[in-house]
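Down below is the structure, laid out as structure tokens.
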């Protein structure tokens, strides 16, 4: 496999990517006792099949991730989260797991995984793996056994099997709808061809929900976690962490289409049941036992989708998950008041638990920020030349200035926009195949990364007629890592410089946040007692909140002015803040 050569850093920097002052590390007397690494870490999400292909089959793999580790180290992140790489029929690209303790051959094998962990640790990078406890694959041995077993059997008790309603059981057991479209129930067929019981699947029929009221399920997942802990992983990202338990009576929902309509976990009978918290206490104890054995702090970070920050906070109490993604920032419209509202809510309700807020602007399920932040006039120019590009840069600088941890989805550091014109015949998202609609289809943010060159496959894959598993658009040529590394004004350098400052300045990471008075379209705050961040959400320039040039800005920033769609950081003592 060949990976684009990484050019050396330029000797000088543009106003958009200023040289980072080396003298800004905190004096030794000011340093606090070391905190667990995860509290202010920045983790890079690797969508494995779209990161880098080492075999020439057009699908990214673990060896490709390993080859890309120096790139991530150079970017300055603290670790990586790997999307599922387990054996799977790939109905939902790995979130339908057939074996939780192995590697799908398309991605490599356990030896390759072990090499990846060793190399990451050698480079000082943490490795977080995705775990999917709410459901498994219909190809999982447990489910195959359940289908072959009789109603009421122990094998069926691992899932949610139920008799149908109606005169002949022809109606589903309740009115729930699947998040990916259609009924949440599928009827089985007996060996003699007669219709049988129904089973529950809150996503697709190929992803049957596990029954967590069966103690066998919990014991199995503790063994699974122990397997990966013994292989050296630093933590787990937990898929659908507010799921697992369903109402024991499986009653009808007052709003059965809510999950399907929003494609979110909002059915109160299927999600956020109180029993789930004991699972996270159990997993927390397991991680702490591993830490006690070798001194390495482990992480549990949950995909928690709940209505309020207060409910979110319940998942990160001191004896439960260490972190849970706070999706409200991702969902906020490009408005100063909206951003301030979700930041205030998070800092009040979540940080109050003793945890830190875990900020995200994107992931593998969301429209990319360059496209999402484009103005309604439709200027989501793939090159990032419209409003979406500058706003995405500003949002990144804002997120990295907030107290707590942050996660960055692959390709955001390249300024990639959503690929909106993929033809129907290449779409793989089960949302599209279940609903027939392109609304909220996720393939557009999963197109394989461009690494080098001017035409597809842009260094993502090599050899012969290899083609990426999703086609890359021609405009990716302007966003390759090779080009980004050579351009000090690129998204990549903005992220890299922000991450370096975040490491070197004592005011960033954990700590206090104090809002400054500012115009209605501007957010400005002080971190600690000497770092100011300001973001102009408006359409015109405003006076900067601090005199003098910024340490770092998301766009050209003349002295004393903060342009529209721009964020900047300044270092100053409290007397220098124009409050």
Which of the residues spanning region 470-489 are touching a residue at least 60 places away in the same chain (Cβ under 8 Å) and either in contact with a strand residue (DSSP E or B) (Cβ under 6 Å, 6 or more places away or on another chain) or under 19 Å from residue 68 (Cα atoms) (or both)? 476, 479, 480, 481, 482, 484, 485, 486
Identify, by number, the condition in (1) assigned to a helix (DSSP H, G or I); (2) in contact with a helix residue (DSSP H, G or I) (Cβ under 8 Å, 6 or more places away or on another chain) that residue 476 doesn't meet. (2)
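Whether any residue in region 215-222 is within 23 Å of the chain's Cα centre (by Cα), closer than 30 Å to residue 116 by Cα and crowded, with 18+ Cβ neighbours inside 10 Å is what I want to check.
First, the residues of region 215-222 that are within 23 Å of the chain's Cα centre (by Cα): 221.
In the following step, the residues that additionally are closer than 30 Å to residue 116 by Cα were identified as 221.
From the residues that got through so far, the ones that are crowded, with 18+ Cβ neighbours inside 10 Å too are 221.
The answer is yes, given that some residue of region 215-222 is within 23 Å of the chain's Cα centre (by Cα), closer than 30 Å to residue 116 by Cα and crowded, with 18+ Cβ neighbours inside 10 Å.
Within the group 557, 533, which residue is over 30 Å from the mean Cα position of the chain (by Cα), touching a residue at least 40 places away in the same chain (Cβ under 8 Å) and surrounded by 15 or more Cβ atoms within 10 Å (Cβ to Cβ)? Full working, then the answer.
Working: 533 fails: over 30 Å from the mean Cα position of the chain (by Cα).
One residue alone meets the criteria, 557.
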Taking the options 244, 225, name whichever one is crowded, with 18+ Cβ neighbours inside 10 Å, touching a strand residue (DSSP E or B) at 6+ places or on another chain (Cβ under 8 Å) and not in a loop (DSSP other than H, G, I, E, B). 225
Could you pull out the residue among 234, 252, 259 that is surrounded by fewer than 16 Cβ atoms within 10 Å (Cβ to Cβ) and in contact (Cβ under 8 Å) with a residue 60 or more places away in the chain? 252
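Going residue by residue through region 196-211, is there one that turns out to be surrounded by fewer than 16 Cβ atoms within 10 Å (Cβ to Cβ), outside the structural domain of residue 286 (by TED's automatic domain parsing) and either part of a loop (DSSP other than H, G, I, E, B) or touching a helix residue (DSSP H, G or I) at 6+ places or on another chain (Cβ under 9 Å) (or both)? Please lay out each step first, then the result.
Taking region 196-211 as the starting set, the residues that turn out to be surrounded by fewer than 16 Cβ atoms within 10 Å (Cβ to Cβ) are none.
There is no residue in region 196-211 that is surrounded by fewer than 16 Cβ atoms within 10 Å (Cβ to Cβ), outside the structural domain of residue 286 (by TED's automatic domain parsing) and either part of a loop (DSSP other than H, G, I, E, B) or touching a helix residue (DSSP H, G or I) at 6+ places or on another chain (Cβ under 9 Å) (or both).
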Just a yes or no: is a residue in region 264-274 in contact with a strand residue (DSSP E or B) (Cβ under 7 Å, 6 or more places away or on another chain) and free of Cβ contacts under 8 Å to residues at least 60 places away in the same chain? no
Can you tell me which residues in region 516-565 are modelled with pLDDT of 95 or more, within 14 Å of residue 401 (Cα to Cα) and touching a helix residue (DSSP H, G or I) at 6+ places or on another chain (Cβ under 6 Å)? 523, 533, 535, 552, 554
Against the definition (within 25 Å of the chain's Cα centre (by Cα) and on the phi < 0 side of the Ramachandran plot), how does residue 145 come out, yes or no? no
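Per-residue answers, yes or no, for (1) modelled with pLDDT of 95 or more; (2) in a helix (DSSP H, G or I); (3) touching a helix residue (DSSP H, G or I) at 6+ places or on another chain (Cβ under 7 Å):
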site: 285; (1), (2), (3): yes, yes, no
site: 291; (1), (2), (3): yes, yes, no
site: 307; (1), (2), (3): no, no, no
site: 321; (1), (2), (3): yes, no, yes
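Do any helices (runs of 4 or more DSSP H) entirely within region 333-426 hold 2 or more residues that are without any contact (Cβ under 8 Å) to a residue 24 or more places away in the chain, and if so, which? Can you show your working first?
On the way: elements: 336-349, 369-372, 388-401.
Fully inside region 333-426 and qualifying: 336-349.
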Is there a residue being surrounded by 21 or more Cβ atoms within 10 Å (Cβ to Cβ) and either touching a strand residue (DSSP E or B) at 6+ places or on another chain (Cβ under 7 Å) or at pLDDT below 90 (or both) anywhere in region 413-436? yes
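The values are calculated or read from the model by the stated rules, or taken from the named source; none is laboratory data. Keep in mind it's a predicted model, so treat the numbers as computed, not measured. As a convention, Cβ positions derive from the backbone with ideal geometry for all residues, glycine included, and neighbour counts pool all protein chains shown.
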